[in-house]
Amino acid sequence: MKTLFAPLEGMTDGIFRRAHHELFGGVEEYTIPFIRLTGDMALTGGERREISPGENAGIPCVPQVLTKEAEQLLWAAGMLRDLGYGTVDLNLGCPAPTVVTRGRGSAMLRDPAALRRFFDRVFPACPIRLSVKTRIGFSSPGEWEKLLEVLADYPLSRVVIHPRTREEQYTGAIHPEAFAAALELFGPRAVWNGDILTPADADRITRRFPGTAGVMIGRGLIRDPSLARRLSGGKAADRDEMKAFFNRLFGDYLKRFGLPVALGRMKKLFLLLSEGMPEGKKLYKEIKKASAAERYLAASDKLLDLWRPADGDQE
Ligand SMILES: Cc1cc2nc3c(=O)[nH]c(=O)nc-3n(C[C@H](O)[C@H](O)[C@H](O)COP(=O)(O)O)c2cc1C
């Protein structure tokens, strides 16, 4: 079974992907968090770096874009082909208000007819494979049936499904039956995404849906970066490995961005990581307060001393 690393904007950037790939592995492919396409077909320096071949050398990556304009997607697909990519992923799931008010991300699920028009313009001219990462509706799971009819009419290379609506965000009810319906149509091209935090969670999904080729994991791989390796038969991380990983990230962020940004990045990661720990709130508070490297390092060390792999044993 393949494990894919879900895109987590502001977290799984190039520095993170490389450190994770080199220190833990087990991930078949990383989706690069979305780049926002604009009318002037220009990327920011940071976006250019994220998709540059140098940043991702030796790491299997698929870039993701956020757009509702067919021309923008086609422009991006041509540019990505020239950089050597074989697939571009379209974000149909982002629930953020700033994205939705511009009609992008999960907002594209509100109008299946418009989505069909979009694909009708894209597919005949797209120079590389197109995959989507989607939710099952905007307001109601009842919208999924119509959306599936549209998606099934196009040769999408993969359909990653987070079986929640936009309104259900990341923690509301989850709808396995919606995934089952997609699996019937797409077979192994349908990939489950959502709430896999432990090897047992992944096991439940693959036993319930044996036809799927893999799972995509986001938050679970922050809480336990060894989760993908464990799913492919490898060992769970120990605390020394965790410290080496987080110290490498901090060092790399410091070198590239300086202290304030490095601390900001690490705090985001530790917030998610601490959510899986019994004393997490208290331990995270100390990290959050740190504005100097020494204080941050002491607080992160203390937190990682109490870390345990998800669902696993630790000496
Ligand atoms: C902080 C954060 C950033 C995210 N950024 C993206 C993104 O750039 N593109 C995307 O398709 N999904 C994004 N997602 C959604 C995740 O990829 C994933 O679908 C979601 O977290 C559910 O999977 P999980 O339960 O395994 O984490 C983001 C989620 C979070 C929490």
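In region 139-167, the qualifying residues are those that are in contact with a Pro (Cβ under 7 Å, 6 or more places away or on another chain) and part of a loop (DSSP other than H, G, I, E, B), and the one that is nearest to the ligand (Cβ to nearest atom) is PRO163.
Could you please let me know if CYS94 is crowded, with 16+ Cβ neighbours inside 10 Å, without any contact (Cβ under 8 Å) to a residue 60 or more places away in the chain and within 15 Å of the chain's Cα centre (by Cα)?
It is false that CYS94 is crowded, with 16+ Cβ neighbours inside 10 Å, without any contact (Cβ under 8 Å) to a residue 60 or more places away in the chain and within 15 Å of the chain's Cα centre (by Cα).
For region 174-201, filtered to residues that are farther than 21 Å from MET108 by Cα and within 12 Å of the ligand (Cβ to nearest atom), the residue that is surrounded by the most Cβ atoms within 10 Å (Cβ to Cβ) is ILE196. Only one of the numbered conditions (1) more than 16 Å from the ligand (Cβ to nearest atom); (2) exposed (fewer than 13 other Cβ atoms within 10 Å of the Cβ) is not met by THR171, and that is (1).
Yes/no matrix, rows are residues, columns are (1) at pLDDT 95 or above; (2) within 10 Å of the ligand (Cβ to nearest atom); (3) in a loop (DSSP other than H, G, I, E, B); (4) among the basic types (Lys, Arg):
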| site | (1), (2), (3), (4) |
| --- | --- |
| GLU9 | yes, yes, yes, no |
| ARG18 | yes, no, no, yes |
| ASP40 | no, no, yes, no |
| GLU47 | yes, no, no, no |
| LEU74 | yes, no, no, no |
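For region 115-141, what are the residues that are among the small types (Gly, Ala, Ser) and loosely packed, with under 15 Cβ neighbours inside 10 Å? Answer for region 115-141, where residues must be among the small types (Gly, Ala, Ser) and loosely packed, with under 15 Cβ neighbours inside 10 Å: ALA125, SER139, SER140. Just one residue in the set GLY233, GLY251 is in a helix (DSSP H, G or I) and surrounded by fewer than 17 Cβ atoms within 10 Å (Cβ to Cβ); that residue is GLY251.
If you go through region 49-72 and pick out every residue that is hydrophobic (A, V, I, L, M, F, W, C), away from the ligand (no atom under 15 Å from the Cβ) and within 18 Å of VAL122 (Cα to Cα), you end up with 1. I want to confirm something. Restricting to region 211-225 and keeping residues that are surrounded by 24 or more Cβ atoms within 10 Å (Cβ to Cβ) and outside any helix (DSSP H, G or I), which single residue is farthest from the ligand (Cβ to nearest atom)? Once the filter is applied, the top-ranked residue is PRO225.
The values are calculated or read from the model by the stated rules, or taken from the named source; none is laboratory data. Computed from a predicted model, the values in this text were never measured in an experiment. Neighbour counts run over all protein chains shown; Cβ positions are idealised from the backbone, glycine included.
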